Amino acid sequence: LSRLFKSRSALFTPQCSTFHSIPPTMFKNILVSGVKQLVETQLNKPSNQGGSSQPQQQSDQSNMNGGYGQQYPQSYPAQGYNGGHNQGQYPQQGGVGYPPTQSHPGVQPQFNPSGYPSSGPTELNYAPTPYPSSIPYPAGDSSNIGFNVGTSSSAPGYPQTPSAFPSQGGVYPSQGGVYPSQGGVYPSQGGVYPSQGPPPQPSYPSQGYQPQGGYPQGGPQGYQPPSQFGSGYGSMAPSGPSGGYGQQQSMWGGTPSVKNYPAFNANVDSEVLRRAMKGLGCDNSKVIQVLCARTNGQRQEIARAFKTMYGKDLLADLKSELHGDFEDVILALMERPPVYDAQQLRKAMQGPVGDPLGLGTRESVLIEIMTTRTNAQIGELKYVYRQMYGSDLEKDLIGETSGHFKRLLVSLCAGGRDESMHVDPVRANHDARKLYQAGEGRLGTDESAFNAILASQNYAQLRLVFDEYHKVCNRSIEQSVQNEFSGDIRDGLLAVCAVVRSKPAYFATLLHNSMKGLGTRDGDLIRAVVTRCEVDMVDIRTAFEGMYKQPLEKMINGDCSGSYKDALIALVRGN
C-alpha cells in the first residue's frame, strides 16, 4: 500500500507537469494493477495452518516440500512431496526420527496441508471401526454367511470396491461338495449384522471342480460294483445293472431269519475261520457259528478280509476242508445270490453229471426260480448269466424247453409282470370269465389266454381273479388247471398259482416234498433254505408248522445228520 500511495503522491507533486495530462483509463489501470500485485504478494506468503509456531521466514521452496526441509534436515534431505501432495503412496520411510506408520493396503491417504506426518488413522480418514482381522476368509461369498467384511458406508477412507475380497477363482475352486450350503450352519443374521457395504456378489465362479461325493450312480465306465448284495436277499448289496436282489423283502414284506450281525467284524471272523481250518481236520462248528450267522454281504466282506490277512482264497480253503452235503451248503452260502441262481439254472438245463446230451433237464428248478423272483431280480439274473456263461438266458431256456411251457418261461424271463398291487374288480371278473371260456367253457384249451393273464398281472389282482373264477364255475383255478393241462405247462401254471396265493406256503410245500418219503432231495432242500433264509424264512417256518403240524427244524433234524443238519437248522432258526 505504501508503494501505491507513493506512486499516487508523486502524481500530485507540483513538479509533475503531466498530472493533468493522464487520461482516466490509465489511472484506473494503474490502480487495478497495484491491487492485483498486493493480493498476489499476500497469497504467496507461508501460512501456519497446523497450529504450531512456525516462523514466517520459511521459504517457498521449503513450503512446497511439505515443511520437512527445515524440521528434518538430516532425516529427509530430498524427500519432496511434489507440491505437498503424496500421489497414492507414502515417501520412503526409514529415516532417523520419523515415527513408524502402519501400512493399510488399498487406502489412499488424504492430503495433509500442514506437511506434518499424520498422528493416526483418524487424520488419514480411516473408518472408525478397525479392520476385523479375526474374521477368516470365507469359502464363498461373504454375503452368503452374514458377515460384513466389506467397506462401511461411513468409512470414506476405504475405496468402494465391488467385493470385500478379490476374486479367488483360481485359488479357491468351487467347493460345493466340501462346504455345503451354509444356510443351516450360519443362520440368517440380518438382525445382528445389518447390510453394510457393497451389495451381495455371486460366489466364486465354478472352475469345473465337481463335488467329491463319491462315484456317480452306476460308477465310472468299466467299474463293477463289489461282490455284495443289499437288495432282494435282505441285507445284500446289489450287483449288476439293476440291483434287484435285496428289494424282495421290502416289496413282499417277508421276515428273514438271518439278519445283519450287529457286532460284525470281518477280521475277527477271518481269524476264527483260519483257526478252524488250520491243522488236521476242520472244526465244522466254528464254520457254522460264523458263516451261518452272517448275511451274504457280510460273508463277502469276510472273504475279502481273509484274502487280505492270509493271502489265501477262503472259498478254495473251504472246498479243501469240507465234504459232502455240508460242503454244498457252505459253498452255496458263499456265492452271491444271482450267481447262485445262475449256477442252478445252468445245472438244471445241462442235466445231471454223466448226461452229455443234456436230456435230463430239471424243469422243476426252472419253474421254482423263474416263478418266485421279482422283475428286478430276473433282470439282474439275466445280466449275471450272460457274464458267467457268455450266453443269453432266454435263448437257453428256449433251447431246453418246448411248447406252451417254453412260452410260459419266456414270458416270465421277460420280467414284465405288473408289481403295482393295484386291483380292479371289474377287470378281475372279466378276466375270470375269459379264463373260463378258454378252458372249462369250451372243447380244448386256449393256453395263450392262461399265459397272458397269469404271467403279466400283479399278485393282488390275480388273487381277485381267482376268487371271481371260483364264483363263475364253482371250482378253484388249480382244479381247472389240473383238468385242462398236463406235463410241464401244468406244473408251471400250478406253481404260478401257488406263488400268487402264498409264497411262504409254496416254499413250505417244496421243503416238505424234498424230505418226505425215502431219501432226501438235498439239492432242493439246500437251495430253498439258502435262498430264503435272508428273505422270508420266518414266514416259511410259520406256514410249514401250520400246514404239516410240526416244526420245520424237527423234520430237518429227523431227515439229515451231522454238520449238514446243524448248518440247515442254524439257517432256519437264524441269528
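The values are calculated or read from the model by the stated rules, or taken from the named source; none is laboratory data. Note that the structure is a prediction, hence the values are computed from the model and not measured. Because the Cβ atoms are built from the backbone with ideal geometry, glycine has one as well, and the counts that use them run over all protein chains shown. What goes into the accessible areas is simple: the full protein's heavy atoms, side chains included, and nothing from ligands, DNA or RNA. Shrake-Rupley method; radii C 1.70, N 1.55, O 1.52, S 1.80 Å.
Of everything in region 386-411 that is surrounded by 15 or more Cβ atoms within 10 Å (Cβ to Cβ) and touching a residue at least 60 places away in the same chain (Cβ under 8 Å), the residue that is nearest to the chain's Cα centre (by Cα) is Leu409.
Restricting region 447-470 to residues that are more than 15 Å from Arg490 (Cβ to Cβ) and acidic (Asp, Glu), the residue that is least open to solvent (accessible area, probe 1.4 Å) is Glu468.
What number of residues within region 422-453 are assigned to a helix (DSSP H, G or I), within 45 Å of the chain's Cα centre (by Cα) and among the aliphatic types (A, V, I, L, M)? So the count comes out to 4.
Quick grid of which residues meet (1) of a type in the set (Phe, Trp, Tyr); (2) over 22 Å from Asp536 (Cβ atoms):
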position: Leu366; (1), (2): no, no
position: Thr371; (1), (2): no, no
position: Thr374; (1), (2): no, no
position: Gln377; (1), (2): no, no
position: Leu381; (1), (2): no, no
position: Arg386; (1), (2): no, yes
position: Asp392; (1), (2): no, yes
position: Ile398; (1), (2): no, yes
position: Phe405; (1), (2): yes, yes
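Here region 546-567 is the region considered, the condition is being of a type outside the set (D, E, K, R) and farther than 19 Å from Leu518 by Cα, and the residue that is surrounded by the fewest Cβ atoms within 10 Å (Cβ to Cβ) is Gly546.
Identification of helices (runs of 4 or more DSSP H) wholly contained in region 474-568 with 3 or more residues that are at pLDDT 95 or above and farther than 27 Å from Leu462 by Cβ yields 522-532, 552-559.
Of all positions in region 412-425, at least one carries a residue that is touching a Leu at 6+ places or on another chain (Cβ under 9 Å), charged (D, E, K, R) and surrounded by fewer than 21 Cβ atoms within 10 Å (Cβ to Cβ). Looking only at region 496-513, residues that are open to solvent by less than 10 Å² (accessible area, probe 1.4 Å) and within 42 Å of the chain's Cα centre (by Cα) come to 6 in all. Of Ser257, Ser235, Ser320, Ser250, all but one fail to be closer than 18 Å to Val572 by Cβ and either at pLDDT 95 or above or open to solvent by 70 Å² or more (accessible area, probe 1.4 Å) (or both); the exception is Ser257.
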